[in-house]
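The values are calculated or read from the model by the stated rules, or taken from the named source; none is laboratory data. From a predicted model like this one, the values you see are computed outputs, not experimental measurements. Heads up, the Cβs are rebuilt from the backbone with ideal geometry, glycines too, and the neighbour counts pull from every protein chain shown.
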Amino acid sequence: MSSNDRWTPNQTQESHLENLFVRLNTPQSGRIFVRNAIAEAPSRPVSNRRGNVMIKFMSRKNDRCLELESRSGEFPQAYLLESDPEVVMWLCQAPKETLSIKDEQGRRTGVTGYHLDFLVVRVDKIIAIEVRDERALHDLHVKNPYQFWFDNENDCWHYRAAEEHFAGMGIEFSVVANRAINSVLVNNLRYLEDFMSREPIEEDLPTLKRLQNRLTDVKRLGYLQAINDGFAADQLLYAIAHQDVYVDLHTDRVEHVQTLHLYASREVREVYRLQELKELEPVQPIPGSMFLRPGARVEHGGNEYHVILCSERDVQMRDKNGNFKAFDLKVLQGLFDAQMLKVDGLMASEGPRELAHCSKAQLDAAFKRLEAVNNNDTTQYSRRSLSRFASQIRGVTGHLAQVLALVDDVAGRGNRAPRYSEREEEVIKIAIEEKYNRGEACTKRAAFIHYQGLCGRTDEVSPDQPKLNRVSFTTFSRRVDELKCVRSREGKRVAYQKGPIVSTVYDPYPVHGRTPHEVCYIDHTVLNLATTCPEGMPLQKPTLSIAADGFTTQARALILSYDPPSTTTVLLILRDYVRRNHRLPKVLSLDNAKEFRGNNLKSFCQLYGIHLRFRSPAEPRGGAPIESLIGAVEKEVVSEMTGNTIAMKDPRLVTKSVNGFNHAEHTLLSAYNIIEDYLFVERETRTHPVLGVSPADFERQQLTVTGERAHLYQRYDENLMLATSPFAQRVFHKVCPRRGVWVDNMWYRHAMLRGHRKGFKVRVRIEPFAARVVYVEVKGRWYAAVGTNSRDLDGRTAREIQITLREKLKKAGSNARAEKLTLKEGGASKLSLKPEDFDERLARQQAETKFVLASKCLLGASAPDESTLNGERPFDFARGPALLPELPRSKQMPESEQLLQASPPPASSASAVMQTLAGIKQAAQVPAVQNRPVVSNKGFF
């Protein structure tokens, strides 16, 4: 971790910690550990290489970004710590400690390194918290039951070595299993978070008083009924968040609006809770084979549960208060085997036959037998058979029960035990592991030959043992199919694609969110479309970047450019997100590409309180919404466009006549307009197969019940433009009082950079589409500094300049070092900074990209006016989003935004604009190049 990322507590936190040391009489070792944790945490980098999800949590309480390693464990625990008023500060990944492992006699058997998940400083104590998945805790208990054990009385897990180690420091230690975290409370806090920080307004007071009077009369009021009575969802959620009306946030899920009720007080809620418990219906049995029968009673940790549903991964249960909880199936099986679980509904190996287990042929035969017994019919069965059938149904009441009693078990007859011994089975397994389950991916016959040789060598090594009875190739092949490991033969990525998709019966933390603009997915792809410029020069394939809403499945932002994916592209996506929606998401779900890992995106998200969630590597199903959206663009749009290169996925089969690069006619702008029309017009108004309505209608429905949340709207102004401009490669630059700051081989000057001491440093941001301007932060304010002698850079992008300089240095060859010195002395303005001198296609690509972004107002609003350039007015940005003006949708937009939205974009320069949506296809005449509208340099620098 860099020194710039080091965190120091504020004066209040530090003062409380020192007073707590004295009040608790904390030993010196404990004080040193806590101080080291504050100075060094996080002590190790977190990762998601083991299939977990990594999250960058933007903590307002600590004013820093904290990295977590679990979406269903550490993240909800961190959210509870962040929301708990009793928590003064909390840290992740404390420095490594060495724990002593002892046996039951107290003898030391070894040591182990240990990294603590959370170190929490509360109002009254200091506590160390370890968050683990309950399945992992159970596996550790099986390996070492003395160190890891479950306390049935208190319903919690213990780690003896860590408890003893931290107790010696005067610090309490606690193991928190994922199941023990109240997911209902976490979800409710996240759902109401936007309203907890909202300040009350005068318009809310009469409505709030009317709502309280209504609850005083009726005691309980349904959420949807309140909306039908004229109360807005924002007003109801604000009242719930500030406890003006009562809702039990520990048990009542606020997002379940169909069953949510508002109560006048806690006492009223308890009365209705008792009534609901009396009306709970018994759990109905479900046909099929499962580990636990629905309705079975389970005692675990001193609590009693009833099984609702059992799947192949987890079990959903209901406690005595009617609350639902999910348990891992393997954990329950392990606890039952260890006699730590009491169950009265386990499926026996030979339990009573169920209807779901019988085939149609078996049932038909059973009906015939029952009919023959009732009619004493000896024409089909002998008297002895009828006597046997009668004995089977003796004492069985009910027609269906008698039929099930007469079902035969012909399919299970015969001796299916293997004809070879355990020693021979072990040789078969060794042969399969050594030869078949390898990366060479050999055939079954080759593995069988290896097996025969292994049998011969085994007989030679053990002459005193009887010779092995070698199985046939058919038997060996059957065992190969049973023991085949796709991961060992074809790798983990193929195993992921071919592996089963196991679902759960209960998802405590919905991965796609529960409200619009909560979770946003961003991804890039190289569009399978050959493009051209208006002059006819081929410009190759552009890069498509899309942002999608995980809850409503809608596209939220779109960028199409020739630049490869970078942090600049991601920030442009967020810029376009605000332009279209006047909102920002709360969570960004991303893959592990390098453009998502930079400090620029991290700084932007920390400024606006956006959490970053990184999916597991090489597991695309974690980003299903964005992957399906990109696939839909290719299948429904790109595949119908002239010049598409989809066939080039297998270039050996492509001839000249069907090569898309030979038929390119779309410009970047025409491709952008077609994709934009599909994503934001056609697809939004088309019925979604899962939602049952169009995504636009679904969002309107959800905003009615989840609230407009207008106080979260973001202005599309110069503050956002500045926030979405990336930092320079070196964030801090020294200031020369006479010349300004040296950035990318050029001096940039501003009046506010004068008069500072030698060595004074400022932070620098790069305007990606205006190489002659950078932003500098002076005394907490940002100013636009202009390059000295930068007229040659007018209209050039930062990427053009970087590539031009790189090509210039490459041509210098062995004199590159001398060329650099020459550049530094004379400045970049002495170069021929024209990209077309090095790569004419690059110049055209940059011109097309700038034209598209400018036509969508993604560049025009970023230009500072003359007062900003002259230093008369700084960017109002230094103190974060609290200074950004709000833009409620119900209120009038500022005049500048009205002009931006009302002014039509420049006319398209596309050679053909094809409307592929709704079956309408139209071709537009290519306008002449000289007729393209001229966008002045002042519009986008």
> Residues in region 427-455 that are acidic (Asp, Glu) and over 12 Å from Arg479 (Cβ atoms): how many?
Replying inline: 2
> Only one of (1) touching a helix residue (DSSP H, G or I) at 6+ places or on another chain (Cβ under 9 Å); (2) on the phi > 0 side of the Ramachandran plot; (3) not assigned by TED's automatic domain parsing to the domain that holds Ser616 fails for Val511. Which number is that?
Replying inline: (2)
> Taking region 401-416 only, how many residues are in a helix (DSSP H, G or I) and either touching a helix residue (DSSP H, G or I) at 6+ places or on another chain (Cβ under 7 Å) or aromatic (Phe, Trp, Tyr) (or both)?
Replying inline: 4
>> Can you tell me how many residues within region 613-626 are surrounded by fewer than 20 Cβ atoms within 10 Å (Cβ to Cβ) and of a type in the set (A, V, I, L, M)?
In response: 2
> Do you know which of the residues in region 178-215 that are farther than 29 Å from Ala326 by Cα and β-branched (Val, Ile, Thr) is surrounded by the most Cβ atoms within 10 Å (Cβ to Cβ)?
Replying inline: Thr207
> Quick one: which of Arg457, Arg489 is loosely packed, with under 14 Cβ neighbours inside 10 Å and either out of contact with any helix residue (DSSP H, G or I) (no Cβ under 7 Å at 6 or more places or on another chain) or without any contact (Cβ under 8 Å) to a residue 24 or more places away in the chain (or both)?
Replying inline: Arg457
> What number of residues within region 59-95 satisfy the criterion of being aliphatic (A, V, I, L, M), crowded, with 19+ Cβ neighbours inside 10 Å and within 23 Å of the chain's Cα centre (by Cα)?
Replying inline: 5
> From the set of residues in region 460-483 that are touching a Phe, Trp or Tyr at 6+ places or on another chain (Cβ under 7 Å) and closer than 17 Å to Ala447 by Cβ, which is surrounded by the fewest Cβ atoms within 10 Å (Cβ to Cβ)?
Replying inline: Phe473
> Of the conditions (1) on the phi > 0 side of the Ramachandran plot; (2) in contact (Cβ under 8 Å) with a residue 24 or more places away in the chain, Leu370 fails just one. Which one is it?
Replying inline: (1)
>> Which pairs turn up if I take residues in region 30-57 that are at positive phi and surrounded by fewer than 20 Cβ atoms within 10 Å (Cβ to Cβ) and look for partners that are assigned to a loop (DSSP other than H, G, I, E, B) and modelled with pLDDT of 85 or more with beta carbon separation below 8 Å, at least 6 apart in sequence or on another chain?
In response: Gly51/Ser616; Gly51/Glu619
> For the subset of region 682-731 comprising residues that are assigned to a loop (DSSP other than H, G, I, E, B) and of a type in the set (D, E, K, R), which member is farthest from Cys605 (Cα to Cα)?
Replying inline: Arg686
> Looking at region 738-774, which of its residues are at positive phi and surrounded by fewer than 21 Cβ atoms within 10 Å (Cβ to Cβ)?
Replying inline: Asp744, Asn745, Gly755, Gly759
> Residues in region 537-548: is at least one surrounded by fewer than 20 Cβ atoms within 10 Å (Cβ to Cβ) and without any contact (Cβ under 8 Å) to a residue 24 or more places away in the chain?
Replying inline: no
> Within region 96-123, which residues are surrounded by 15 or more Cβ atoms within 10 Å (Cβ to Cβ), of a type outside the set (A, V, I, L, M) and over 26 Å from the mean Cα position of the chain (by Cα)?
Replying inline: Glu97, Lys102, Tyr114, Arg122
>> For region 216-250, which positions are surrounded by 16 or more Cβ atoms within 10 Å (Cβ to Cβ), of a type in the set (A, V, I, L, M, F, W, C) and either touching a strand residue (DSSP E or B) at 6+ places or on another chain (Cβ under 6 Å) or within 17 Å of Phe195 (Cα to Cα) (or both)?
In response: Leu221, Phe231, Ala233, Leu236, Leu237, Ala239, Ile240, Ala241, Val245, Val247, Leu249
> Of Leu588, Leu601, Leu629, which residue is in contact (Cβ under 8 Å) with a residue 40 or more places away in the chain, in a helix (DSSP H, G or I) and either of a type outside the set (Ser, Thr, Tyr) or surrounded by fewer than 19 Cβ atoms within 10 Å (Cβ to Cβ) (or both)?
Replying inline: Leu629
>> Pull out all pairs, ordered by first then second residue, where Cβ-Cβ is under 6 Å, the residues are six or more apart or on different chains, the first lies in region 694-715 and is within 17 Å of Asp204 (Cα to Cα) and of a type outside the set (S, T, N, Q), and the second is buried (at least 16 other Cβ atoms within 10 Å of the Cβ) and modelled with pLDDT under 90.
In response: His711/Arg198
> Would you call Pro689 closer than 18 Å to Ser628 by Cα, in contact with an Asp or Glu (Cβ under 6 Å, 6 or more places away or on another chain) and not hydroxyl-bearing (Ser, Thr, Tyr)?
Replying inline: no
> Tell me, which helices (runs of 4 or more DSSP H) lie completely within region 63-171 with 2 or more residues that are closer than 27 Å to Ser15 by Cα?
Replying inline: 74-83, 160-167
>> Considering only residues that are out of contact with any Lys or Arg (no Cβ under 7 Å at 6 or more places or on another chain) and either of a type in the set (A, V, I, L, M, F, W, C) or over 19 Å from Ala401 (Cβ atoms) (or both), which ones fall in region 382-391?
In response: Ser382, Arg383, Arg384, Ser385, Leu386, Ser387, Ala390
> How do the pairs read when you match residues in region 100-118 that are acidic (Asp, Glu) with residues anywhere that are exposed (fewer than 15 other Cβ atoms within 10 Å of the Cβ) and outside any strand (DSSP E or B), using Cβ under 6 Å and keeping only pairs 6 or more apart or on different chains?
Replying inline: Glu104/Tyr146
>> Pairs needed: first member in region 376-399, of a type in the set (Val, Ile, Thr); second member anywhere, assigned to a loop (DSSP other than H, G, I, E, B); C-beta distance under 7 Å; at least 6 residues apart or different chains.
In response: Ile393/Leu406
> Given the residues Ser639, Ser670, which is the only one that is loosely packed, with under 15 Cβ neighbours inside 10 Å and assigned to a helix (DSSP H, G or I)?
Replying inline: Ser639
>> For region 417-451, give me each residue that is surrounded by 14 or more Cβ atoms within 10 Å (Cβ to Cβ) and out of contact with any helix residue (DSSP H, G or I) (no Cβ under 7 Å at 6 or more places or on another chain).
In response: Tyr420, Glu424, Glu433, Ile449
> Within region 519-553, how many residues turn out to be under 18 Å from Leu629 (Cα atoms) and either hydroxyl-bearing (Ser, Thr, Tyr) or assigned to a loop (DSSP other than H, G, I, E, B) (or both)?
Replying inline: 11
